[in-house]
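The next block holds one structure in the form of structure tokens; read it before the comments.
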Amino acid sequence: MAHLIDLQYSLGIRAVNYGPEIDVGVIRDKMPDALIHGHIPPFLLRNGTPGEIEERVRDDFRKAGASGRLEITTAGSLAAGTGVGRMRWLMQVAERHTRYDRT
């Protein structure tokens, strides 16, 4: 999908869900005001360590830039077998590390 980003932006598309294979920084560079939906790989949430999950959230949030407009969710779904504790961890990490200074 990365090869379509410029075209889609020129057509006025401002909300996207390309999945975790396209870097949030690339999307933000090409679509500076787009809302980026769900970018956490479902298998990372199911199988990753808490540190790996936290690192991904923080990295995506940093790359989204000061404009925000990044939804911290999984890309499309939850992988079968993802425990409730993993989902709670993702919510805690998002709450802890995805705050914008509105001053």
Longest principal axis of the chain (C-alpha) makes with the long axis of helix 84-97 (C-alpha) an angle, in degrees to the nearest 10, of 50
Computed over the chain, protein heavy atoms only, probe 1.4 angstrom, the accessible area per residue in square angstrom equals 59
With Cα coordinates, the longest principal axis of the chain makes an angle with the long axis of helix 50-64, in degrees rounded to 10, of 20
Treating only Lys and Arg (+1) and Asp and Glu (-1) as charged, each at its beta carbon, one finds that the chain has a dipole about its Cα centre, in Debye to the nearest 20, of 280
In the chain the accessible area split gives carbon plus sulfur, as whole percent at 1.4 Å, a share of 54
So, relative contact order of the chain in percent, Cα under 8 Å, 6 or more apart, is 29
Once Val84 and Ser10 are pulled to full extension, the length gained, defined as 0.36 nm per residue separation minus their Cα-Cα distance, is 22.7 nm
Each label sits 7 Å from Cα toward the beta-carbon; between Glu52 and Asp33 the label points are separated, in nm, by 3.8
The alpha-carbon center of the stretch 1-41 and that of the stretch 47-85 are separated, in whole Å, by 16
Output row, site Glu21, 7 Å Cα→C-beta label point, backbone N cut-off 15 Å, window the stretch 58-85, residues 75-76
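The values are calculated or read from the model by the stated rules, or taken from the named source; none is laboratory data. Because the structure is predicted, anything quoted here is derived from the model rather than measured. In this analysis, Cβ positions are derived from the backbone assuming ideal geometry, glycine residues included, and neighbour counts consider all displayed protein chains. Ligands, DNA and RNA are excluded from the accessible area calculation, which covers all protein heavy atoms including side chains. Shrake-Rupley method; radii C 1.70, N 1.55, O 1.52, S 1.80 Å.
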